[in-house]
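The values are calculated or read from the model by the stated rules, or taken from the named source; none is laboratory data. Computed from a predicted model, the values in this text were never measured in an experiment. As a convention, Cβ positions derive from the backbone with ideal geometry for all residues, glycine included, and neighbour counts pool all protein chains shown. Areas reflect the complete protein model, heavy atoms only, side chains present, ligands, DNA and RNA absent. Shrake-Rupley method; radii C 1.70, N 1.55, O 1.52, S 1.80 Å.
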Amino acid sequence: MKVLNFGSMNMDYVYRVEHITEPGETQKSSDLTVYNGGKGLNQSVALGRAGVFVYHAGNVGPHAESLLQELAEANVDTTLVRRLPDEPTGHTVILLDDAGENAITVCGGANQLITSEQIANTFQYFGEGDVLLLQNETNALKDLMAAAVNHGMRVVFNPSPIDDDLLSLPLDTVDTFVVNEVEAAALSGGSPDEPEDMLNSLREMFPTARVVMTTGVAGSWYDDGNERFHQEALPVDVVDTTGAGDTFLGYYLAGRLEGMAPRGAMALAGRAAALAVGRPGAAPSIPTRAQVDAT
Ligand code: RIB
């Protein structure tokens, strides 16, 4: 069984601010740090550090060496990453406030230039029973989901960031949704609600899917139609929440691929995410398996 993550790679420009800037306000930043990130990259790094071998596919532009190095150091295969020298590498502007909360603006750049030919070239290496991991920071999600179905692959989908096009995707092909409460609400066509109500709506819409829902300090939920449970968040001193959801997803999936039951995989993911929020940056904040196992 192989894991393919067809996902984004971003340089994160993280500006330290006292509070998240209001519309019309100009605020001084006390510090700028550049980190490796992107939801796709972070999730591959989390899987790799958890001990799962991942093939990462997608696009980068120039000056992306540190992104590729971050992946390689997490034992992620990058031979399927395409270099586009004339297109900007994906990047973000992240405001990080004193409470560790963030506001992210993402410029897709090369991440948004996935082609049909690239999809065909990549999927020739994958088949029945393999896993395709997707987020919503690349183009061509419809074609990627269709390719997964054609190759008998299971789709794990993190519909983040949320946008209006998501509901036009063939979401009935998704095996596992990993969402936060905003994404759960958008998928189920409403506004954030009681977690169990949102899970009920998602269950009606996607009767066979597994749903993992993170709700920040309120913990996380798992539902697969047979089993539903809530898991408390671990108490932590928050430094930076960027990448915590990606860490949770990577470790949850790693646990499941290792054969853990949902409760075990969710507990592993919760411990990993708790370590990540205590550290700055996206990819650099993702703990190793040894660090998680030591908690
Ligand atoms: O989920 C965190 C990530 O979202 C950041 O690394 C940033 O690149 C944005 O894509």
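What the table shows:
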item	result
Cα gyration tensor category, rounded, prolate or oblate, for segment 190-260 with a/c compared to 1.5	oblate
Solvent exposure of segment 14-161 as accessible area per residue, Å², 1.4 Å probe	44 Å²
Segment 90-243, dipole about Cα centre (Lys/Arg Cβ +1, Asp/Glu Cβ -1), debye to the nearest 20	540 debye
Share, in percent, of DSSP beta bridges within the chain that are antiparallel, nearest 5	40 percent
Calculated FRET efficiency for the pair Arg263/Val239, C-beta based, R₀ 25 Å, to 0.05	0.35
From the C-alpha gyration tensor of segment 156-295, square roots of 5λ in Å	25, 16, 14
Among 80-86, 174-180, 31-37, the order from most to least packed when residues are scored by Cβ within 10 Å on average	174-180, 31-37, 80-86
Magnitude of the charge dipole, the chain, Cβ model with Lys/Arg +1 and Asp/Glu -1, debye to 20	940 debye
Solvent-accessible area, 1.4 Å probe, carbon plus sulfur percent, for the chain	51 percent
Fraction of antiparallel bridges per DSSP, segment 95-200 only, in percent to nearest 5	20 percent
Which of Leu202, Ser188, Ala273, positive extreme of dipole for segment 158-273 (C-beta unit charges)	Ala273
Length gained when the stretch Asp164-Ser66 is fully extended (0.36 nm per residue, less Cα-Cα span)	32.1 nm
The chain: calculated mean residue ellipticity at 222 nm from DSSP helix runs of at least 4, using -39500 (n - 2.57)	-9000 deg cm²/dmol
When the convex hull of its Cα atoms is projected in every direction, mean area for the chain (nm²)	14.7 nm²
Accessible-area ranking of Lys28, Lys39, Lys142, largest first, probe 1.4 Å	Lys28, Lys142, Lys39
Solvent-accessible area per residue for segment 231-295 (1.4 angstrom probe, square angstrom)	38 Å²
Peptides ranked, highest mean first, by Cβ atoms within 10 Å: ranges 114-127, 263-276	263-276, 114-127
Label zone at Ser30 (point 7 Å along Cα-to-Cβ), backbone N below 16 Å, segment 83-107	95-102
Exposure ranking of Leu167, Leu187 by accessible area [1.4 Å probe, largest first]	Leu167, Leu187
